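Below you'll find the structure, written out as structure tokens, and then a few comments.
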Amino acid sequence: MFINIKKAGTQYFTSCDECSKDCCSAPKVIFAPLILEDFEHVYENFLIQFAYIGEELRILMVINDGSSSCVYYVNNRCQIYEQRPPACRMFPISPYFDQFFINMDCEALNTKKQGELICKEDMFNEKFFHPRVDNFIEKLDKTKNFLNTIENSLVPSIVIAGLQLYNYNGDLENTHINMHKKSLKHIKTFSF
């Protein structure tokens, strides 16, 4: 269960080594929200899609098909650990657009001062920090402006876990659109 980090109190984190959970699998994790800065860390290994979450257009990294594990999660280990995207590097902290959540189901969390301090009140340990959260509101605004620019050029792609995903199909050429297009090679992973 993900809760707002402001409500998590003081938590410590031991290690993923002895974990019996399957955190990289559906239904716990299917998508991770992205900002523009994340594209360069994601597009080579994951599908980048656009989707409406409520009324707002968002950018998502597709982790799995809604019923299985991440394709890089093999024998309870991440096969791209050194190249894992920001959302994975920060886990069990989960940035969700302009808020931070923590996965309270994580077996490595505890309040007994075992392991490293992960969060206290609404602050979290820099070890779990990723540079993506520096000036985050500014980066989020830049992402929203980009989405406003492309919104009228989106076409339906695939549906995962009941969520309609979209691809860009317009004339704009820039670094982020190019990375999105390159990420589409991963769509075959999600062909039903």
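Summary table below
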item	result
In Å², nearest 10: area of residue 10 left accessible to a 1.4 Å probe	50
Pair residue 134, residue 161: separation of 7 Å Cα→Cβ label points (nm)	3.1
Largest-first ordering by accessible area, 1.4 Å probe, given options 55, 116, 126	55, 126, 116
Segment 89-168: translational diffusion in µm²/s, Stokes-Einstein, Kirkwood Rh over Cα pairs, 37 °C, 0.692 mPa s	212
Folded to 0 to 90 degrees: helix 136-150 orientation relative to the chain principal axis, Cα	20
Dmax and Rg, reported as Rg then Dmax, of the chain (C-alpha, Å)	16.9, 55
Accessible surface, 1.4 Å probe, highest first, among residues 34, 163	163, 34
Chymotrypsin sites (Phe, Trp or Tyr not before Pro) within segment 32-104, DSSP loop, no more than 16 other Cβ atoms inside 10 Å	97
Heavy-atom accessible area order for 77, 89, largest first, 1.4 Å probe	77, 89
Residues residue 40 and residue 107, FRET efficiency given R0 of 22 Å [Cβ-Cβ distance, rounded to 0.05]	0.10
Inter-centroid distance (Cα atoms) of segment 45-78 relative to segment 103-174, Å	11
Area accessible to solvent at residue 6, 1.4 Å probe radius, in Å²	140
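The values are calculated or read from the model by the stated rules, or taken from the named source; none is laboratory data. Keep in mind that what you see is a predicted model, and the values were worked out from it rather than measured. Using ideal geometry, Cβ is built from the backbone for each residue, glycine included, and neighbour counts are taken over all protein chains shown. Remember, those area values only see protein heavy atoms, side chains included, never the ligands or the DNA or RNA. Shrake-Rupley method; radii C 1.70, N 1.55, O 1.52, S 1.80 Å.
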